[in-house]
Amino acid sequence: MTNAGHERAIELIARRGTEDLAATDLSWLESHLGVCAECSQFASDFESTGRFLRATAITATSRLVANTQARVRARAMYLNEQRSRMVLIAISFCLGAMSSAVSAWLWWRFGSWVADQLGLSQAIVQPGIMLFLLLPAIVIAGLMLAIPHATVEQWWTAAMGSERDGGVQ
């Protein structure tokens, strides 16, 4: 028998008690177990182990139960905090996007007014305003490219760890 046949038999033996197997798979498994002593022994051992585990009463100590409940509560609180933070981040993003759009429009109008007052061409002032609006993003992108990724990641990890622990650096 090929190794693939044994692997298929072991998979079907493991799935036999928990899933509905196709009739063709069941008939193949039964015929394979009839001719393969190794897989037949594995199936017997697998079934007896299952019976033993179902017959054995497993109880948890009160300390284990309390620790598990505490960890589940802590994880639930963490997930709730993450969800709350995501809502705040979404609100902050929306407010930031709206204020950026309004301020960009105001700066554009201000630039147009300055150009009219100074007699400058709109073709010179408007690209300058766009550069002024995009300058922070350009500087941050340049810094991110210039600073090695590992340095930023270490700083970020340390900052997030101290925030989570409640410490201040």
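The values are calculated or read from the model by the stated rules, or taken from the named source; none is laboratory data. Values in this document were obtained by computation on a predicted structure and should not be read as measured data. Cβ: placed from backbone, ideal geometry, glycine included. Neighbour counts: every protein chain shown.
Consider residue 100 carefully, then state whether it is over 19 Å from residue 137 (Cα atoms) and either in the same structural domain as residue 137 (by TED's automatic domain parsing) or outside any helix (DSSP H, G or I) (or both).
Numbers: over 19 Å from residue 137 (Cα atoms): no; either in the same structural domain as residue 137 (by TED's automatic domain parsing) or outside any helix (DSSP H, G or I) (or both): yes.
In short, no.
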Next on the checklist: What pairs come out if I take residues in the range 112-140 that are assigned by TED's automatic domain parsing to the domain that holds residue 101 and without any contact (Cβ under 8 Å) to a residue 40 or more places away in the chain and pair them with residues that are of a type in the set (S, T, N, Q) and surrounded by 10 or more Cβ atoms within 10 Å (Cβ to Cβ) whose C-beta lies under 6 Å away, six or more apart or interchain?
Outcome noted: 115/122
Checklist entry - What about residue 101, is it more than 30 Å from residue 135 (Cα to Cα), of a type outside the set (Val, Ile, Thr) and exposed (fewer than 13 other Cβ atoms within 10 Å of the Cβ)? => result no
Checklist entry - Has the range 49-59 got any residue that is in the same structural domain as residue 9 (by TED's automatic domain parsing) and touching a residue at least 24 places away in the same chain (Cβ under 8 Å)? => result yes
Next on the checklist: Filter the range 115-169 down to the residues that are surrounded by 11 or more Cβ atoms within 10 Å (Cβ to Cβ), charged (D, E, K, R) and modelled with pLDDT under 80 and list them by number.
Outcome noted: 163
Checklist entry - Residues of the range 3-29 being among the polar types (S, T, N, Q) and part of a helix (DSSP H, G or I), which ones? => result 3, 24, 27
Checklist entry - Quick check: anything in the range 39-51 loosely packed, with under 10 Cβ neighbours inside 10 Å and modelled with pLDDT of 90 or more? => result no
Checklist entry - So residue 85 fits all but one of (1) exposed (fewer than 10 other Cβ atoms within 10 Å of the Cβ); (2) basic (Lys, Arg); (3) at pLDDT below 85; what number is the exception? => result (1)
Checklist entry - Restricting the first residue to the range 30-43 and requiring it to be touching a residue at least 12 places away in the same chain (Cβ under 8 Å) and assigned to a helix (DSSP H, G or I), which pairs with a second residue that is of a type in the set (S, T, N, Q) and surrounded by fewer than 16 Cβ atoms within 10 Å (Cβ to Cβ) meet a Cβ separation below 8 Å and a spacing of at least six or different chains? => result 33/40
